[in-house]
Amino acid sequence: MSYDAAKVVNHTGSCKRSFILKNLLTALVLWTFALLPFPITAEPAEPLLIGLSYPRTGHYKEEGLAQMRGALLAVEQINQRGGVLGRPLALTHRDSSARPEKARSNIDSMAAEGAVMFFGSVSSAEAIAAGEQAREHDRLYFATIGYSNDVTTEKGHRHIFRESTSATMTGRALGQYLTRELPNKKYFYITADYNWGHTTEASLREHTATGDKKVHPGVLVPFPNAKRIDHVSALEQAAASDAEVLVLALYGNELVRAMRIADSMGLNRSKQIVVPNLTQTVLEQIGPSISVGVIGTEHWLWRVPELEDSQGGIDFIDSYQQKYELYPSSAAASAYTVIHQWADAVQRSNSIDSERVRKALENHSYSLLKGPALWRAFDHQNVQTVYVIRVNDLATVIGHPSRQDYFEIVHRLSGEEAAIEHDAWMAARKAAGQPDILE
């Protein structure tokens, strides 16, 4: 073999050996990666689904829309920070129309979809129904709004928490203010004929010493299907009485209609009108011009964070305003708070298990959008400050750049003073035939 031929053979053999070696190395690398317990590129984390049952239609749809806005903002912010336990949050939702039977079916539907917790409500009856159905699925339910006492007393159980205040909390705060500012006045009550209306009237009567119904009469109006004639008749009775204070224990569309009729009759000028639960969203429907001087309560309003030096509350207002070009209401704040507090409890318990999250919430103190608050263990009531408010004059309302400076805070009562005591809660449970602990 010539020198050149040998060189060709040697070169060819070298190439073959190089080719074989490269293939062996490639196979070894592939085999090594195949043995790894995870892929080179991790799959996206599966979202944690949470469920909102809220009134998108019906009497309380404006409050429902505010809850949706607050919820979307909370989910967006939590996901921007990395989610919960490394998983993003996802929101599913259903329209309840504030009807208990629809709320129940919503919970069933969202549970089937995989939701790990539920929240929402404006009506107390809706909140109670949704909470009971959540218990059937071993999921926690948070009543964003639902003021009737029985949400966390007679109807309370271990799977339901209430973020908003109760009728007792409202009655005590209002009672303190009205007794001081309007002593020895005669009252007339117009009340929605269902649980919230009954407990609200009873609490205010108790804390204003107006329990004698001969001296301080009242009338019930149907709920939820009151007609205009029902409100006209009730307001005519109030006008014919010698009462100096007119209490409208009404909410949503019923309150809007009653206030407009009262304005046409001049009752908002001849009597002091008190609305136990007066929210920003409802006032915007009524119109601030016919509500000047009306007294009520709120558990949050956008003036509170500045008053209580809450940076979290100030940041929430700024974010909400940037996103929606509106100032947030208490309904938006409640939904926002619920999601953040549930997410925090999941992080602290390192679990989405309802029992472990419940234990992480019970007796947990926090400050988020205002001063200190507490998820009380024995009844799952959110214990927080209650604010007595009075509607500003129109010049003040429109003088603010937002055109939403509706309320002046005239009094506030701490949550510890406002909330029902354990002994009273136990008595209410016993009277209802309920165990003395949440089950």
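The values are calculated or read from the model by the stated rules, or taken from the named source; none is laboratory data. For clarity, every value in this text was computed on a predicted model and none was experimentally measured. As a convention, Cβ positions derive from the backbone with ideal geometry for all residues, glycine included, and neighbour counts pool all protein chains shown. To get the accessible areas, we keep the full protein, side chains included, count just its heavy atoms, and leave off ligands, DNA and RNA. Shrake-Rupley method; radii C 1.70, N 1.55, O 1.52, S 1.80 Å.
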A chain fully extended from A395 to K227 at 0.36 nm per residue, minus the present Cα-Cα distance, gains in nm 57.1 nm
Dipole check, the chain, charges on Cβ (K,R +1; D,E -1), about Cα centroid: among A428, V122, S270 the Cα furthest to the positive pole belongs to V122
In debye to the nearest 20, the charge dipole size for the chain, taken about the Cα centre with +1 at each Lys and Arg Cβ and -1 at each Asp and Glu Cβ, equals 960
For Rg/Rh (Cα atoms, Kirkwood Rh) the list reads [x] 1.30; [y] 1.23; [z] 1.00; the calculated value is entry [y]
Note to self: C-alpha centroids of region 85-111 and region 163-190 sit apart, in Å, by 34
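May I ask you to list the GluC sites (Glu not before Pro) in region 208-254 that are in a DSSP loop and have at most 11 other Cβ atoms within 10 Å of their Cβ?
Answer in residue order: no site qualifies.
With every protein chain present, what is the per residue accessible area of the chain (1.4 Å probe, Å²)?
With the other protein chains kept in place, the chain gives 44 Å² per residue.
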Out of A331, G252, L394 - ranked by how far each Cα lies towards the positive end of the dipole of the chain, with unit charges on the beta-carbon of charged residues - the top one is A331
GNM on the chain, Cα springs under 10 Å; top mean-square fluctuation among D138, D212, D344 goes to D212
Cα-Cα longer than 22 Å, checked against K185/K271; K61/K155; K155/K430, kept in input order, equals K61/K155
Once phi for every residue in region 418-425 is put through the Karplus expression 6.51 cos²θ - 1.76 cosθ + 1.60 (θ = phi - 60°), the whole-Hz ³J(HN,Hα) values, with Gly and Pro written as x, are 7, 6, 4, 6, 4, 4, 5, 5
In whole percent, the fraction of accessible protein surface over the chain that belongs to carbon or sulfur atoms, probe radius 1.4 Å, stands at 53
